[in-house]
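Here the structure is laid out as structure tokens; the discussion comes afterwards.
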Amino acid sequence: MDWIRIILSLFAIFLTTLALAPLQILALYFDWPLRRRLPRLWHRVSCRMLGLRIHSHGVLDTRRPLMIAANHASWKDILVLGALADVVFIAKTEVAAWPVFGTLAKLQKTIFVVREEKRRTGDQVNEIAARMSDGEVVVLFPEGTTSDGNRVLATKSSLFGAAAAALGDDPDAVVHVQPVSIAFTRVQGMPMGRYHRSIAGWPGDVTMLPHLVGVLKAAAIDVDVTFGEAVEYRRGESRKLLAATIESRLRAMLLVHLRGRYKRTDEA
């Protein structure tokens, strides 16, 4: 029965993609506002089919320009955040070449960056800044890699360069950076714990297909997403201080949920 359910879930995601992709291609070509909203529908359907049950705490900041800084445990973080808000992601350029996922990322107009080529850093930062200035909410994973889901790794201050670039030439400009923690907390209704969190986390030493099958077999994974208080970043302020503040807030919010100290009040 597990395999029948898995096949049906994947087929439902495939049909949803098949139905929405042509419309998204048109929306991207003509730059319709719809291009920002359609991915959210796809992410919500995908989360439902994968058995990801999202519990949202707090709200997305309404001020702009806005950057979300989230901890990163797995590719599922993208589905979860994409299901909660109309956002655009920053990803390493290798993702663009991945089968299936690369195509999906392009359809969402993901910003691809080449971290190893410093000569291209300026152009990449400017693109991110331009998208933020245009009102888009950009998601940054400041750890720079995935973790095991049990902790927050050290954030990289250099990755906040886009926030500085988004300030533009206005000396009074402010960029809002909102920490958002993603905690995978339960599997089939039972507390996940450090040992079982490998079902949700994807640190990179496990190939994609076995990990995806493991998620589908789990059938029901609870994830708690907390929108923290945004940090106001202004010209001349330290990016290292910004990174340290975001890291501290992410770690505090994540631990509250991993230790089971938060009482849920709503579900997305």
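The values are calculated or read from the model by the stated rules, or taken from the named source; none is laboratory data. Predicted, not measured: the structure shown is a model, and the values here were computed from it. We place every Cβ from the backbone using ideal geometry, glycine too, and count neighbours over all the protein chains shown. SASA here: full protein model, heavy atoms, side chains in, ligands and nucleic acids out. Shrake-Rupley method; radii C 1.70, N 1.55, O 1.52, S 1.80 Å.
Take the Cβ atoms of Ala12 and Leu209, set R0 to 30 Å, and the FRET efficiency comes out at 0.95.
Stretched out fully, how many nm does the piece from Phe101 to Ala219 gain, at 0.36 nm a residue minus the Cα gap? Let's see the in-between values first.
Values: separation 118, 0.36 × 118 = 42.48 nm, distance 2.13 nm.
Taking 0.36 nm per residue and subtracting the Cα distance, the gain is 40.4 nm.
What residue among Ala219, Ala21, Ala97 shows peak mean-square fluctuation when the chain is described by a Gaussian network model with Cα springs under 10 Å? Result for the chain, Cα springs under 10 Å: Ala97 fluctuates most. Between Met67 and His176, Val177, Gln178, the built amide H atoms are under 5 Å apart, and every one of these is 5 or more places off in sequence or on another chain.
A probe of 1.4 angstrom, applied to the heavy atoms of all protein chains, finds Asp86 with accessible area near 60 square angstrom. Each Lys or Arg adds one and each Asp or Glu subtracts one; over the other residues with Cβ under 14 Å from the Cβ of Ser248, this totals +1.
The phi-based Karplus calculation (6.51 cos²θ - 1.76 cosθ + 1.60; θ = phi - 60°) puts the 3J(HN,Hα) values of the stretch 163-168 at 5, 5, 5, 5, 5, x Hz, whole numbers, x for Gly and Pro.
Can you check what the net charge comes to around Arg35, using other residues whose Cβ is under 15 Å from the Cβ of Arg35 (Lys, Arg +1; Asp, Glu -1)? Overall, the nearby charge balance is +2. Entry note, the chain: the mean residue ellipticity at 222 nm calculated from DSSP H runs of n ≥ 4, each adding -39500 (n - 2.57), is -13500 deg cm²/dmol after division by the residues and rounding to the nearest 500.
Under 5 Å between amide hydrogens, built in the peptide plane, is the criterion, and for Val113 it picks out Ala91, Lys92, Thr93 among residues at least 5 positions away or on other chains. Over all other residues within a Cβ to Cβ distance under 15 Å of Pro171, the charged ones net out to -3, with Lys and Arg as +1 and Asp and Glu as -1.
The alpha carbon centroids of the stretch 169-243 and the stretch 27-95 are separated by 12 Å. Ordered from highest to lowest accessible area with the whole protein assembly present and a 1.4 Å probe, Met190, Met49, Met67, Met253 read as Met190, Met49, Met253, Met67.
Provide the gained length on full extension for the span Ser158 to Lys92, in nm with one decimal, where the gain is 0.36 nm per separating residue minus the Cα-Cα distance.
Contour length minus the Cα-Cα distance gives 22.3 nm.
Each label point was placed 7 Å from the Cα along the Cα-to-Cβ direction; for Val256 and Ala130 their separation is 3.8 nm. The label-point distance for Leu23 and Tyr195, in a model that sets each label 7 Å from Cα toward Cβ, rounds to 4.6 nm. If I take R0 = 30 Å and measure r between the Cβ atoms of Arg48 and Ala173 in this structure, what FRET efficiency does the formula 1/(1 + (r/R0)^6) give, to the nearest 0.05? The formula returns an efficiency of 0.15 here.
With the convex hull of its Cα atoms as the shape, the stretch 1-92 has an orientation-averaged projected area of 7.6 nm².
Free of any trypsin sites (Lys or Arg not before Pro) that DSSP assigns to a loop and that have at most 12 other C-beta atoms within 10 Å, the longest stretch within the chain is 64-258.
Computed with a 1.4 Å probe on the full set of protein chains, the accessible area for Trp98 sits at about 100 Å².
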